[in-house]
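A quick write-up on the structure given underneath.
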Amino acid sequence: MNFDRIKEKLNILADAAKYDVSCSSSGSKRQNKGKGLGDSSGMGICHSYTEDGRCVSLLKILLTNHCIFDCAYCITRKSNDIQRAAFKVQEVVDLTINFYRRNYIEGLFLSSGIFKSPDTTMERLVQVAKKLRLEENFNGYIHLKSIPGASDELMHEAGLYADRLSVNIEIPTREGLKLLAPDKDRKDFLQPMKKVKDEIIRHKSEKKIIKSTPKFAPAGQSTQMIVGATNETDAQVMYTAAYFYKKYQMKRVYYSGYIPVSYDPRLPSIGTDVPLLRENRLYQADWLMRFYGFSIEELLNKEHPNLDSDVDPKLGWALRNLHLFPVDVNKADKQMLARIPGLGMKSVYKILGARKYRNLNWEHLKKIGVALNRAKYFMVCNSKDWEKKDLSAMNIKSLILQNSSSKFRNTYNNQLNLFDKQDALIQY
Ligand code: SF4
């Protein structure tokens, strides 16, 4: 092996892979049964955070950054004058095993530019995963990017060896995709997603009858959208996400603030700030939809097409719906408690548990660890010490903002003004 050349390729192809954020993992149950390398059970992968907050690492690379497409938002696009490289299948296998043995990584995230054709590319990605599993007995985590337009057969094979598969939607709207990647067709993303969803369902139901049925992508599928490359509203982004969660049973949708990589009049210019606050707000809204029982329509709609930049989506919703508050913490059901700004699900469960034994007052709430700095404006309890006065939404918001310290404070106003939002069409 020519180590210098491998190192050079690694530099190029790891750098090119850093733009893909759809690589945190959760939910894989692949286990090491005594022989073989690695064990991804209960383990998240990627230099990222798992759902339970642990930071994990993976080898995150492209197989190649050669690409026949010219998507304007992508560093790897064919018209970009950059250094190109390609790994051989065996080189990726060897790197993964060597890094794993040295304890550098817990798995592999492998994506690729599209060379020759989607099938040729997908075939190589599958070969890597297959060799790792069958020849190296590797039980660590494998996340493969599915190449849009790849055949059903290859998608099927990929799911037998990978823990997670993902196809990136990239641009949230059809129009945006057409503008920035005219060679791409949205149905090329949808076909592999549908195949993966159908296969996951089929394998799960067959496994109930035949125990030896192999697992298929046990950590499910995910996708990523680039946010801020086109002029879509937050409503358009989140309605697209909600559609993919429902229709394709996505485990996760990732939102990646556009990093300007291109001098192109269709895109924000180089040097424009990456919309990190917006990205953060979208993740918060996503979280509310998945774990707090909010519907997309409650958070975003025609009257309210963008998330607030100065307050989080739950607080924003509560301020627009003050008629539903204050909530009596001693009587409200779980769903309504979860809607109180500042209360996480842990606090909700603490309240539900503690109120079985007594009528809770502010002191009780503090003692069980419920943070009241925001929540106190939206709840009442067994106390006369502090009751919600008739504060307006504006008053509550300014009281809360006075006492909050957000790392995003200074970026509130810059990000959403990149495009004239009045021009953005809302299509649900
Ligand atoms: S097909 Fe993928 S790798 Fe190629 S230019 Fe488009 S986004 Fe980049």
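So if each residue of separation counts as 0.36 nm, and I subtract the Cα-Cα distance between Ser117 and Tyr263, what length gain in nm does that give?
Numbers: separation 146, 0.36 × 146 = 52.56 nm, distance 2.70 nm.
The Ser117-Tyr263 span can extend by a further 49.9 nm.
Just want to confirm a number: the relative contact order over segment 239-306, from Cα pairs under 8 angstrom separated by 6+ residues, in percent.
On the way: 38 pairs, mean separation 15.4, N = 68.
Across segment 239-306, relative contact order equals 23 percent.
Multiply the residue separation of Phe291 and Arg186 by 0.36 nm, subtract the distance between their alpha-carbon atoms, and state the gained length in nm to one decimal.
Values: separation 105, 0.36 × 105 = 37.80 nm, distance 2.87 nm.
Contour length minus the Cα-Cα distance gives 34.9 nm.
With 31 Å as the limit, write out which pairs from Lys302/Lys331; Lys60/Lys397; Lys60/Lys346; Lys7/Lys194; Lys60/Lys251; Lys207/Lys246 have Cα-Cα distances beyond it, or answer none.
Exceeds cut-off: Lys302/Lys331; Lys60/Lys397; Lys60/Lys346; Lys7/Lys194.
Could you pull out the trypsin sites (Lys or Arg not before Pro) across segment 152-235 that fall in loop regions by DSSP (anything but H, G, I, E, B) with no more than 11 other Cβ atoms inside 10 Å?
Details: sites: Arg164, Arg174, Lys178, Lys184, Arg186, Lys187, Lys194, Lys195, Lys197, Arg202, Lys204, Lys207, Lys208, Lys211, Lys215; in loops: Lys184, Lys211, Lys215.
Those satisfying the criteria are Lys211.
Using the per-residue mean of other Cβ atoms lying within 10 Å as a proxy for protection, in what order, highest first, do the peptides 293-304, 65-76, 144-155 fall?
On the way: 293-304: 15.6, 65-76: 20.2, 144-155: 21.9.
Most protected by this proxy first, the peptides run 144-155, 65-76, 293-304.
Quick one: which residues, 5+ away or cross-chain, put their amide H under 5 Å from the amide H of Val380? H built at 1.01 Å from N.
Val327, Asp328, Val329
Which distance in nm do the two modelled labels at Glu298 and Asn395 give, with both placed 7 Å along the Cα-to-Cβ direction?
So the two model labels end up 2.5 nm from each other.
Quick check: residue separation of Arg174 and Lys331 times 0.36 nm, minus the Cα distance between them. What number comes out in nm?
Values: separation 157, 0.36 × 157 = 56.52 nm, distance 4.61 nm.
That works out to 51.9 nm of additional length.
No value in this document is a laboratory result; all are computed from the given coordinates. Remember, predicted model here, so these are calculated numbers, not experimental data. With ideal geometry, Cβ positions are generated from the backbone for all residues, glycine too; neighbour counts draw on all protein chains shown.
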